[in-house]
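Data block below; observations after.
The values are calculated or read from the model by the stated rules, or taken from the named source; none is laboratory data. Note that the structure is a prediction, hence the values are computed from the model and not measured. Glycine also receives a Cβ, built like all others from the backbone with ideal geometry; neighbour counts cover every protein chain displayed. Areas reflect the complete protein model, heavy atoms only, side chains present, ligands, DNA and RNA absent. Shrake-Rupley method; radii C 1.70, N 1.55, O 1.52, S 1.80 Å.
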Amino acid sequence: MHAANAMNHPPQEFSYLAGLNPEQRNAATTTEGALLVLAGAGTGKTKVLTTRIAHLLVTKRAFASQILAVTFTNKAAAEMRERVTRLVVESGLEPEVAGSVWLGTFHSIGARILRRHAERVGLTPQFTILDDDDQQRLIKQLLIAANIDHQKFPPRAVLYKIQSWKDRGLTPDKIKGEEGEYTVEQIATRLYPVYQHRLKTLNCADFGDLLLHNLTIFAAHPEILQEYAQRFRYILVDEYQDANTAQYLWLRLLALGHKNLCCVGDDDQSIYGWRGAEVGNILKFEQDFPDAKIIRLERNYRSTTPILKAASCLIANNRARLGKTLWTEGEGGAPLRIKSVWDDAEEARFVGEEIEAYQRDGVSLAHMAVLVRAGYQTRAFEERFLTLAVPYRVVGGLRFYERLEIRDAVAYLRVLHQPHDDLAFERIINTPKRGIGKATLEQLHQAARAGNSSLYQALTQLLSAQVIRGKTSQTLAHLLHQFDIWRAEAKEKTLSELADLMLEQSGYRAMWQADSSPEAPGRIENLRELVRALGEFPDLESFLDHVGLVTDGAAQAAEDMVSIMTLHAAKGLEFDVVFLTGWEEGLFPSQRTLDEMGARGLEEERRLAYVGITRARKHLTISHAANRRIYNQWQSSVPSRFLAELPEDVIEFLDGGPYARRATGPQLFQKEMETILAGRVEPQPARAEPASIRKGARVKHEQFGYGVVLSAEGDHLQIAFKHGGVKKMLADYVELA
């Protein structure tokens, strides 16, 4: 169908709407006004978003440049653009139409707007976007300059506090901290304005600045806000539940024009509160937009009925939610299995054996995943899989652009692009070794501060005045001369050729070629890959923007391997077979989260459990251990309260013992109570004399040996072991001595 005829046909005749269910179709074609699409896990939210964009284009409701679509990851943005392109081409439009849509991450769109108006906040359009490593180095410099102990107040902690303010849209003048230097917050309050001033001097911005500067510009220059609010006739947001306050304010301001704001998200999957996400943003959508329409996507296309029922029953225990219930047309499906194990080693053995069994049944390893709550849990599985020769990948490892050799090479390119980038210049001035000592660097910093200039400018002036002499002077003059040559070569060579030349003439590649360490060959290969990657970018600025904005890890090769990852890393993924491990109190829900966030933390942990359950398509196994070695210390534990919130009619208890079935929360307690009152008490397997274990009793534990009971509350004991210290455990796992 050609676009010219699109307006003459009712929505149902468009081919791109054919595969949508009624709720999806309603969401895709409701174009005017504020719209909140509550999209449960596996309900096709990406399909709705991409179809909606295609519908706006095909029906000519807006030009492509009048549509703004924001996501949280580059991967999601690339996938959306690919789908939109396919849909518009199938509808008779040119593929370039989709390419003109403002589609990208919050940060990439924010950077695009900021480059157009950088002078309004004291920057130039060529500003550099700093990564986390450079930000920490800058904070460390400021701590040292302020004579503050950076061991006592780590740069990472100070930076985290500053970024949390930026995530809330707070500039330095809005922070009213207490006087003194006793806490990280007080130090951060003192350094925040200094840090921002230094960033402007360096012509740099960090991630938080990209939206914070947008907000500052919009507030100080309403005409600029009006320009964008009128330009973007339609705004679409993916994963709205993950938006922080700054992103929320940015969206609200841009939607002031036509208020055609479509937010797609799932309040039940808001799991990033620790990095600034505010689930309250999605919960108060109707308050922000009184005339808003809400459409719920509840039909799940991923998981079986037992899995969906378990997820729905679990998340129903949260109070801060808008409410929806997932369902699927397919009936049947394997029950969820719960496995009780002695320790993490047995847990790893069990999971390994199960994976081998599924593999024998024809399930690909690539369709299986082991999900953990904490990173340290992966070690036991890695060791076991190595023993069994089961191929695996740990998802979330070191990313390509975070590797040492890549950071160094990119720093050379940053200085080439912007000589006043002090952080990059300081990184490479003595890499490879050029005999530049600490005294020379301090001399440079003093000159830069005195002249309110960059290190590059200060070095040029010091060399011109012959303040730096001898071999050091010759070496540094040669380095500056090399940059002059490379800038001239940049006009004639491609990016790949230029980078290859810089790595060769700087001596950086030769440094690794002369290195005899086992890592050196891999580093050289990574540098080759960097040179190849540069060929994909039109210019150096585009490449540096990409490096600064990239948030997704490089896709790993598609070998047949089991995936091991944290629950946070698993969001957005799906597997036929999923193992949820470590479901124990203190580990999951995390005691640290409960201590820091209280009831809000518990609800976020429950949402994380919901995310874990809904990653499974066909088979789900949950395991919990009675004992776990955490940082070389044994700890005993009780099953997670989340197990008690799962419906028993879709659960198979492996081993079926009292430990697996014990009521650890209100739901199971209520069921057992009703059974007793109804006179239908089911016989329970015998336990090891729990009623006989009292305070002061001497007991024996298989792992910790002999101990004395300090307190006993029912079958929950606190025991002082002679060789194992004080432990909390269940009566089932000790015997009277």
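Can you tell me which condition Asn430 does not meet? The list is (1) open to solvent by less than 50 Å² (accessible area, probe 1.4 Å); (2) in a loop (DSSP other than H, G, I, E, B); (3) touching a residue at least 12 places away in the same chain (Cβ under 8 Å), and all the others hold.
Here Asn430 meets the rest and fails (3).
Can you tell me which residues in region 152-187 are more than 21 Å from Ile129 (Cα to Cα) and either within 25 Å of the chain's Cα centre (by Cα) or crowded, with 18+ Cβ neighbours inside 10 Å (or both)?
Those that are more than 21 Å from Ile129 (Cα to Cα) and either within 25 Å of the chain's Cα centre (by Cα) or crowded, with 18+ Cβ neighbours inside 10 Å (or both): Phe153, Pro154, Val184, Glu185, Ile187.
Among the residues of region 496-544, what is the count of those that are in contact with a Pro (Cβ under 8 Å, 6 or more places away or on another chain) and of a type in the set (S, T, N, Q)?
1
Being within 20 Å of Tyr376 (Cβ to Cβ), in a helix (DSSP H, G or I) and touching a helix residue (DSSP H, G or I) at 6+ places or on another chain (Cβ under 9 Å) is the filter here; which residues of region 578-600 pass it?
Result: Arg592, Thr593, Leu594, Asp595, Glu596.
Given the conditions (1) among the polar types (S, T, N, Q); (2) within 20 Å of the chain's Cα centre (by Cα); (3) modelled with pLDDT under 90, report the number of the one that Thr614 does not fulfil.
In the conditions (1) among the polar types (S, T, N, Q); (2) within 20 Å of the chain's Cα centre (by Cα); (3) modelled with pLDDT under 90, Thr614 misses (3) alone.
Being modelled with pLDDT of 85 or more and of a type in the set (Gly, Ala, Ser) is the filter; apply it to region 491-521 and report the residue that is surrounded by the most Cβ atoms within 10 Å (Cβ to Cβ).
Here the residue is Ala499.
What are the residues in region 299-333 that are among the hydroxyl-bearing types (Ser, Thr, Tyr) and either within 18 Å of Glu605 (Cα to Cα) or at pLDDT 85 or above (or both), if any?
Result: Tyr301, Ser303, Thr304, Thr305, Ser312, Thr328.
Output the residue which, of all residues in region 120-151 that are open to solvent by 10 Å² or more (accessible area, probe 1.4 Å) and among the charged types (D, E, K, R), is farthest from Ile217 (Cα to Cα).
Asp149
So which of Thr71, Thr50, Thr46 is under 25 Å from Val279 (Cα atoms) and out of contact with any helix residue (DSSP H, G or I) (no Cβ under 6 Å at 6 or more places or on another chain)?
Thr46
Among the residues of region 121-180, which ones are of a type in the set (Asp, Glu) and modelled with pLDDT under 90?
Selection gives Asp131, Asp132, Asp133, Asp149, Glu178, Glu179.
Identify, from the list Phe218, Phe232, Phe207, the residue that is aromatic (Phe, Trp, Tyr) and open to solvent by 10 Å² or more (accessible area, probe 1.4 Å).
Phe207
Within region 250-257, is even one residue touching a residue at least 40 places away in the same chain (Cβ under 8 Å) and closer than 24 Å to Glu605 by Cβ?
no
Considering only residues of region 66-101 that are among the acidic types (Asp, Glu) and under 24 Å from the mean Cα position of the chain (by Cα), which is farthest from Leu17 (Cα to Cα)?
Among residues in region 66-101 that are among the acidic types (Asp, Glu) and under 24 Å from the mean Cα position of the chain (by Cα), the one farthest from Leu17 (Cα to Cα) is Glu79.
Please determine, by comparing only the residues of region 558-593 that are in contact with a His (Cβ under 6 Å, 6 or more places away or on another chain) and buried (at least 21 other Cβ atoms within 10 Å of the Cβ), which one is farthest from Leu388 (Cα to Cα).
Result: Glu584.
Kindly indicate which of Leu308, Leu322 is open to solvent by 10 Å² or more (accessible area, probe 1.4 Å) and farther than 19 Å from Ala76 by Cα.
Among Leu308, Leu322, only Leu322 is open to solvent by 10 Å² or more (accessible area, probe 1.4 Å) and farther than 19 Å from Ala76 by Cα.
Failed condition for Asp649, given (1) open to solvent by 80 Å² or more (accessible area, probe 1.4 Å); (2) assigned to a helix (DSSP H, G or I); (3) modelled with pLDDT under 75, with all others met?
Result: Asp649 fails condition (3) only.
In the list Glu525, Glu529, Glu504, which residue meets the criterion of being more than 13 Å from Asp408 (Cβ to Cβ), in contact (Cβ under 8 Å) with a residue 60 or more places away in the chain and outside any loop (DSSP other than H, G, I, E, B)?
Just one listed residue meets the conditions, Glu529.
Scan region 95-116 for residues that are touching a residue at least 60 places away in the same chain (Cβ under 8 Å) and within 11 Å of Val70 (Cβ to Cβ) and report the count.
So the answer is 6.
Scanning region 445-474 for residues that are among the hydroxyl-bearing types (Ser, Thr, Tyr) and open to solvent by 30 Å² or more (accessible area, probe 1.4 Å), which turns out modelled with the highest pLDDT?
The extreme case among them is Thr460.
Is there a residue in region 79-100 that is closer than 23 Å to Leu326 by Cα and open to solvent by 20 Å² or more (accessible area, probe 1.4 Å)?
No: region 79-100 contains no residue that is closer than 23 Å to Leu326 by Cα and open to solvent by 20 Å² or more (accessible area, probe 1.4 Å).
May I ask you to say which residue of Asp408, Asp421 is touching a Lys or Arg at 6+ places or on another chain (Cβ under 6 Å) and under 30 Å from Ser542 (Cα atoms)?
Asp421
Taking into account only those residues within region 31-53 that are open to solvent by less than 10 Å² (accessible area, probe 1.4 Å) and free of Cβ contacts under 8 Å to residues at least 40 places away in the same chain, which is nearest to Phe72 (Cα to Cα)?
Per the stated criteria, the residue is Thr50.
Output the residues belonging to region 289-315 that are of a type in the set (Gly, Ala, Ser) and within 25 Å of the chain's Cα centre (by Cα).
Listed by number, the residues that qualify are Ser303, Ala311, Ser312.
What residue, of Gly104, Gly110, is at pLDDT 95 or above, under 22 Å from the mean Cα position of the chain (by Cα) and closer than 28 Å to His417 by Cα?
Gly110
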